[in-house]
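Trainee: Structure incoming, see below.
The values are calculated or read from the model by the stated rules, or taken from the named source; none is laboratory data. Computed from a predicted model, the values in this text were never measured in an experiment. Because the Cβ atoms are built from the backbone with ideal geometry, glycine has one as well, and the counts that use them run over all protein chains shown.
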Amino acid sequence: MSVDRRERLVQLLDLYRDGSLSVAESHELAALLDDPQVAALATTLLETDGLIALALDAEDAHAAASQWRQRLAADDHAARFRDEFTKRQSETIAPWSPQRRSGRRALRWAAAALLLIAIAAGAFPLILATLTPDLALARADAGTVLWRGTTKQAGRSNVTLLIGDRVEQVGGATAELRFADGSHLTLIPGTSVTVQSITPAKRLRLTGGTINASVSPQPDGHPLRLLAATAEVVVIGTEFKLTVDAQAATARIDVDHGLVRLASVSTGEQVEVAAGQVGSLAADGSLTTFPGANAKAWAAIGPFFENNCYSCHGEKKQKGKFRLDQAPRESGAPGFEQPWSMALERITNGEMPPPEEKQQPTQAARLQAAEWITDQLKLAEAQRLATSEKVSLRKLTREEYANTLRDLLGVTYEPADPGGLPEDPNWHGFERIGPVQTLSPAHIERYLAAAEMVMDEVLPTGAAPKPLKQRMGMQQLRGGPNDHDPFIMSHARIDIAPNGSTNFKSPHSVWIERPGEYRISVSVSGLRPPGGSAPHLYVYSASLDRVWIARDIDTPENKPEIVTAEVFLPAGEIAFMIYNALPGIDPYENAASGPGPRPFFTLKRERSPTQQKLTDDDYVPLVPILILDYIEFAGPLDRSRAGQLITAGKRDAAHARQIVTAFAERAFRRPVRAEDAARLSGVAEKSLAKGASFEQAVKDACIAVLCAQDFLALVEGSALKPRATLDDWEVASRLSYFLWSSMPDDALFARARAGQLTKPADILAETKRLLADPKAERFVADFARQWLHLRDVGKFPPNRKLFPLYDEQMEFSMKQEPVAYVRDMLRGNRSLREFIASDWTMVNAPLARLYGIPGIVDMKMQKVTLKPEDHRGGLLTQAAILSQTSDGTRHKPINRGKLVMEMILGKSPPPPPPNAGDIPTTQANQPKATVRQKLTAHRQNESCAGCHAKIDPLGFAFDNYDAIGQWRTVEVVAGTGDNPPVDASGELPDGRRFTDAISFKQLLISDLDRFAEVFTEKLATYALRRPLGATDRDAVKAIVAGTKTGGYRLKDLIEALVQSDLFRKR
Amino acid sequence: MVTAPSTVMMEHGMEPDDAELVERALGGNADAFGEVVMRYQSRFRVMVARQVASADDANDIVQDAFIEAWRGLGSFDRSRPVGPWLRAICRHRMIKHLRERARLPASPMAAIDERLAGLAEQDMHKDHADEDTDRRLTALRHCLEQLDARQRAMLTARYRDGLAVQEIAARTKRLPNSVSMALLRLKDGLMRCMAARLSGETTP
């Protein structure tokens, strides 16, 4: 086996295990595994994975045994909701995801059983010959067989048909059945029909195959019925085509005129299929309807497939067991994605039609076909995800989960800590999309652990913990001399120069006995040199990967400030560092004597030579100096809510029920149903009966509340009374999770309770209130992060040698800029045009240095007015965007072009073929060439040129910005000769030309309507927590149109969105 | 080979044997059954994890099997030893798990899962399957000890904490594919080391 295939196999297996395999990749994996050698290797690899997992799983038999007990005890509430949730999830998440449990299998068997019964019944038809000429086999050919009892006749036309007759079209062309009223059915080969009733009711059973029907209007109460094993079609008068696949137990009906009712035999469900629609019955008995293929679009694109594919993958031959002619042509049809994504891959990489085939399509035709498939696949995916069930569950993201706990109980929970919740999967950057979220048993246990931990803080039981209060000063932080006078040492301070830390970049640690919230206090002075920036205190925990404190300190030497932060700390050893996070050279690191502990007292006295470098002779600081006295950890803080949660009353089961129900109402964000109240208070009652204290019993029930799906997910809709719009409670939650990333507050709940969230004006009033609240900052940060993929900034850390300016502070600042930008856009209600181009942006000291903007000295983000020579403005020229589209050493015009396409134009380019090469780096002895020049060479390859002609120019426009977003006019590259100059000019596919990023942005602005639609779609995806489907397009257009006169202002758009029907739609 | 703990304890006369524990458990004593769980679970986890390829899933399966056994204890034939009975439950659970996974519609791994289930079924009829796995596991533990801290951290992140390759890539600031490759190299090394140790064991 080649090394490449082995590596690819490993990558795909990893993706599979992580549940992030794409459709195309899943086909690729399946194809690889067809090879028995590969399958054997995969088996060995998986076995090894299992062994390693086990060997690393430090086992403690006693702990494990008690785990079993807990599990048994938790079985009642945890396992039950897991099953419910998984069941629900299995219907919405991708079918190839390993999290999906098979629940539908049983249904499918049920359908098959029905089919068997049907076949058995059909084999012994009751022959009630009534000798009526009302139905005839009007036309037959050599392929037509008529069965009457056990006798058969072949190829005879004009035969009067009797009840019990069976007509089979086994080969030949077609046969036609004609009723007296002129209705006729055409049977295509492979079709079998049994006559069950002729008059007055017409009833035929279709065991398999396809019939085209043209049915005259039928008498009232006596429609024509077509029965299949799993489907029943009721026809009043129409033209349609019905196809039944007996083996797969599926059926499909294409209606040309009139109206047809399609019913599922196994579920009793019915749908009406109108003209131009297709009705489909799946193997599990579920029904869907979707628009029929756009005949005009297919007429344009269909011949490509007919001419190039069908000869090997059609009726006659099915090479590789693949048939394209039967693949559905409608993006809404079930089973659309699989065959077409396979075809797309083969067509784009030039594998199909095979190169040895003489007749080859042109590159333009290939591209057109690839684009059509890509568009349809995108629609199909969105449609699949947007299809709403009776009840939709949209799990809270882990940030929302933590926010909700904070707003509900006043406690801090850090889901990203080790042992916390896994990172949420995202859909085009959006983390909160219901249908792509997953829930595995491992999740449930983490939720359970989190609920227990949180409730331990809120309702502490048992002895109060011994509080920790640990103060670390000079001696503990910088170490050394122990022989000094303790009094003197207690006055020693720590001086930290820019880019310096308390302990020469190695971490300190604190031991936390009990998890909980702790107050961190730092006593510190900060001296700013004349005209310079204030020192920046940065306290960072390396073991938790979390910044505890980051702020400028500007206080005199003799008046230290006490900076505090309240943070959640898990048990164990916590490593942290204290920096003066500004660029500079730490004199201690370069001191000839090497770094060592040096007590510091004041700048105004004699100091060590290193310390002297910090000030001039008049003791005026030369650099921003941080002077630290101590850091102190105190906690766990008392977060007990016993007084609030446990109201006064008789400490019995009835009172427990009151408390638990009231808590559940807030946690579930809606009134609690009687059966839920009974189940939850049952937990408390059981605990009380076992002799637990009242507090413990309430606590047990509250843990159950926090593990319920109604808390963990936004539940919309009702299984009993299906409805298309949200109720008031659901609107309240949608609104608060949109704008606050958390639960509604009391005022919003009050509105919901009073039924005052139905009218657009009411929703608008609440929206204004929510936006004015400080919690709206969560919308700013979360939306910016997800929309602009800020998670990806720093994913490929730039090479420090090539980009010395890039460090952690820079990365942090890069991520801050778009967030601060969106904040200002929102607060100023600015036009979306300013997302594309503006004469301002938000910078702090590192960014200003990167952009070459003078006079910005602090770490705080501040608004600056831009001049043309700054070459900035809008989002596209922000460092966060420019660097996330680079690979750490080089900028990537293709990625930049793709980002512009997706973010501004709302299009997805077809994925690159798997065999697409990388752009080679230049060797030292070759002439220097820009990435653009190399890409141009790459495009000589005709199969690449088509797509790249559309994508690349959009990226070339930003060639004046390097891999971390610095402005440049020449591209610094390896090789011989001068560095080549940058060429940022280009031409859009429609022929409009631009010379650089500025004129390119102007072209984008001229198409602002389009961007407004794309942006609104993203905003709505975020707010509604689902991808938008084809049916949502008009609603988006209406929202956009309503804000056009104002120039598409951000706040206007939000307000228009929340007042729209779309927002209240499920 | 793992010595059956019950025998050891009987010899020392300290602990009740399996049958006695089952007797007590049947009387409603969950602690007694907890003792049975403790005696058998690590062996079962080894057995299951080898085929399920995920410690989380393996733990789930074993725990579920014990819950099933506890609930079905009434139907247990007390004249027979409890170990094989528990193991059969556990195996059935595992095979069911693999079969279910194989049946997921359009699962690219259906063939592999079928194959793993088939192997598990074969193992059911082999007497030494557990000991074989135990030996491999012992060899592997030894090989793991020879890794440096960084390599161990990576394996721990992936296989014990169950981080996705994407997450590891983000944390270590590498490309997901290079994380996959690094893991593969580690795995290759471990497989070689394990094979060397095992062959060393058999050829004195």
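Trainee: Taking the stretch B:136-159 on its own, how many of its residues are surrounded by fewer than 18 Cβ atoms within 10 Å (Cβ to Cβ) and touching a residue at least 12 places away in the same chain (Cβ under 8 Å)?
Mentor: 4
Trainee: May I pose another question? Check B:Glu114 against each of (1) within 26 Å of A:Leu9 (Cα to Cα); (2) modelled with pLDDT of 80 or more and name the one condition it does not meet.
Mentor: In the conditions (1) within 26 Å of A:Leu9 (Cα to Cα); (2) modelled with pLDDT of 80 or more, B:Glu114 misses (2) alone.
Trainee: Can you find a residue in the stretch A:906-922 that is hydroxyl-bearing (Ser, Thr, Tyr) and either closer than 27 Å to A:Met825 by Cβ or at pLDDT 90 or above (or both)?
Mentor: Taking the stretch A:906-922 first, the residues hydroxyl-bearing (Ser, Thr, Tyr) are A:908, A:921-922.
Filter again for either closer than 27 Å to A:Met825 by Cβ or at pLDDT 90 or above (or both), leaving A:908.
Yes: one or more hits.
Trainee: If you don't mind, another one. Which residues, counting only those in the stretch B:23-34, are modelled with pLDDT under 80 and within 11 Å of another protein chain (Cβ to nearest Cβ)?
Mentor: Matches in the stretch B:23-34: B:Ala30, B:Asp31, B:Gly34.
Trainee: Hey, A:Glu817 hits all of (1) in a helix (DSSP H, G or I); (2) without any contact (Cβ under 8 Å) to a residue 60 or more places away in the chain; (3) away from chain B (no Cβ under 14 Å); (4) among the charged types (D, E, K, R) but one; which does it fall short on?
Mentor: (2)
Trainee: Considering only the stretch A:762-793, how many residues are assigned to a helix (DSSP H, G or I) and closer than 30 Å to A:Gln878 by Cα? Spell out how you get there, then give the answer.
Mentor: Just the residues of the stretch A:762-793 that are assigned to a helix (DSSP H, G or I), to begin with: A:762-772, A:774-787, A:790-792.
Those left that are additionally closer than 30 Å to A:Gln878 by Cα: A:767-768, A:770-772, A:774-787, A:790-792.
Matching residues across the stretch A:762-793 total 22.
Trainee: Can A:Asp807 be described as within 14 Å of another protein chain (Cβ to nearest Cβ) and either farther than 30 Å from A:Ala732 by Cβ or exposed (fewer than 15 other Cβ atoms within 10 Å of the Cβ) (or both)?
Mentor: yes
Trainee: Just need a number here: residues in the stretch A:732-761 that are in contact with a Lys or Arg (Cβ under 6 Å, 6 or more places away or on another chain), outside any helix (DSSP H, G or I) and among the hydroxyl-bearing types (Ser, Thr, Tyr). I'd like the intermediate steps shown before the answer.
Mentor: The first filter runs over the stretch A:732-761 and keeps only residues in contact with a Lys or Arg (Cβ under 6 Å, 6 or more places away or on another chain), leaving A:733, A:740-741, A:743, A:757.
Filter again for outside any helix (DSSP H, G or I), leaving A:740-741, A:743, A:757.
Checking which are among the hydroxyl-bearing types (Ser, Thr, Tyr) leaves us with A:741.
Residues that pass the stated criteria total 1.
Okay, residues lined up against (1) in a strand (DSSP E or B); (2) of a type in the set (Val, Ile, Thr); (3) surrounded by fewer than 21 Cβ atoms within 10 Å (Cβ to Cβ):
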| site | (1), (2), (3) |
| --- | --- |
| A:Ser523 | yes, no, yes |
| A:Gly526 | yes, no, no |
| A:Pro529 | no, no, yes |
| A:Ala534 | no, no, no |
| A:Val539 | yes, yes, no |
| A:Ser543 | no, no, yes |
| A:Asn558 | no, no, yes |
| A:Thr564 | yes, yes, yes |
| A:Ala575 | yes, no, yes |
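Trainee: Let me ask you something else. Does the stretch A:24-52 hold any residues that are more than 9 Å from every other protein chain (Cβ to nearest Cβ) and in a helix (DSSP H, G or I), and which are they? It would help to see each step written out before you state the result.
Mentor: Just the residues of the stretch A:24-52 that are more than 9 Å from every other protein chain (Cβ to nearest Cβ), to begin with: A:24, A:35-38, A:41.
Hits for the stretch A:24-52 are A:Ala24, A:Pro36, A:Gln37, A:Val38, A:Leu41.
Trainee: I'm trying to understand the selection: among the residues of the stretch A:1005-1038, which are modelled with pLDDT under 95, among the β-branched types (Val, Ile, Thr) and closer than 30 Å to A:Arg992 by Cβ?
Mentor: Answer for the stretch A:1005-1038, where residues must be modelled with pLDDT under 95, among the β-branched types (Val, Ile, Thr) and closer than 30 Å to A:Arg992 by Cβ: A:Ile1005, A:Val1014, A:Thr1021, A:Val1036.
Trainee: Here is a follow-up. Pick out, from the stretch A:177-244, the strands (runs of 3 or more DSSP E) lying fully within it that include 2 or more residues that are of a type in the set (A, V, I, L, M, F, W, C), closer than 17 Å to A:Val273 by Cβ and modelled with pLDDT of 80 or more. Walk me through how you get there before you give the answer.
Mentor: On the way: elements: A:184-187, A:191-197, A:202-214, A:224-227, A:231-235.
The qualifying strands (runs of 3 or more DSSP E) are A:202-214, A:224-227.
Trainee: Take A:Val780 and decide whether it is in contact with a Ser or Thr (Cβ under 8 Å, 6 or more places away or on another chain) and of a type in the set (Val, Ile, Thr). Quick ask: steps written out before the conclusion?
Mentor: Details: in contact with a Ser or Thr (Cβ under 8 Å, 6 or more places away or on another chain): no; of a type in the set (Val, Ile, Thr): yes.
It is false that A:Val780 is in contact with a Ser or Thr (Cβ under 8 Å, 6 or more places away or on another chain) and of a type in the set (Val, Ile, Thr).
Trainee: Under the condition of being of a type in the set (A, V, I, L, M, F, W, C) and without any contact (Cβ under 8 Å) to a residue 40 or more places away in the chain, which residue from the stretch A:762-771 is nearest to A:Thr1021 (Cα to Cα)?
Mentor: Kept after step one, since they are of a type in the set (A, V, I, L, M, F, W, C), are these residues of the stretch A:762-771: A:763-765, A:770-771.
The next check asks that each one be without any contact (Cβ under 8 Å) to a residue 40 or more places away in the chain; those that pass are A:765, A:770.
Numbers: A:Ala765: 22, A:Leu770: 19 Å.
By that ranking, first place goes to A:Leu770.
Trainee: Cβ-Cβ distance below 7 Å, separation of 6 or more or different chains: which pairs start in the stretch A:772-792 with a residue that is away from chain B (no Cβ under 14 Å) and end on one that is of a type in the set (D, E, K, R) and not in a helix (DSSP H, G or I)?
Mentor: Cβ pairs passing all conditions: A:Gln786/A:Glu431.
Trainee: Still on this structure, I have one more. Just name the residue that is surrounded by the fewest Cβ atoms within 10 Å (Cβ to Cβ) out of those in the stretch A:158-183 that are of a type outside the set (A, V, I, L, M) and under 13 Å from A:Asp134 (Cβ atoms). Full working, then the answer.
Mentor: So the first thing to find is which residues in the stretch A:158-183 are of a type outside the set (A, V, I, L, M), and the list is A:158, A:160, A:164-166, A:168-169, A:171-172, A:174, A:176, A:178-179, A:181-183.
Remaining after also requiring under 13 Å from A:Asp134 (Cβ atoms): A:160, A:165, A:178-179, A:181-183.
On the way: A:Thr160: 13, A:Asp165: 23, A:Arg178: 18, A:Phe179: 20, A:Asp181: 16, A:Gly182: 9, A:Ser183: 20.
Applying the filter and picking the extreme gives A:Gly182.
Trainee: Now, a different point. Does at least one position in the stretch A:415-424 carry a residue that is more than 14 Å from chain B (Cβ to nearest Cβ), closer than 21 Å to A:Trp787 by Cα and at pLDDT 80 or above?
Mentor: First pass over the stretch A:415-424, keeping only residues more than 14 Å from chain B (Cβ to nearest Cβ): none.
No.
Trainee: Now for a separate question. Would you pick out the residues in the stretch A:304-338 that are over 21 Å from A:Gly292 (Cβ atoms) and hydroxyl-bearing (Ser, Thr, Tyr)?
Mentor: The answer is A:Ser311, and nothing else.
Trainee: Any idea which of A:Ile488, A:Ile496 is modelled with pLDDT under 80 and over 37 Å from the mean Cα position of the chain (by Cα)? Working first, answer last.
Mentor: Numbers: A:Ile496 fails: modelled with pLDDT under 80.
The match here is A:Ile488.
Trainee: Which residues, taken from the stretch A:144-176, are more than 12 Å from A:Ser192 (Cα to Cα) and not in a strand (DSSP E or B)?
Mentor: Within the stretch A:144-176, A:Gly149, A:Thr150, A:Gly155, A:Arg156, A:Ser157, A:Asn158, A:Leu161, A:Leu162, A:Ile163, A:Gly164, A:Gly172, A:Ala173 qualify.
Trainee: Also, I was wondering about something else. Tally time: how many residues in the stretch A:354-371 are surrounded by fewer than 10 Cβ atoms within 10 Å (Cβ to Cβ) and among the charged types (D, E, K, R)?
Mentor: Residues in the stretch A:354-371 being surrounded by fewer than 10 Cβ atoms within 10 Å (Cβ to Cβ) and among the charged types (D, E, K, R): 2 in total.
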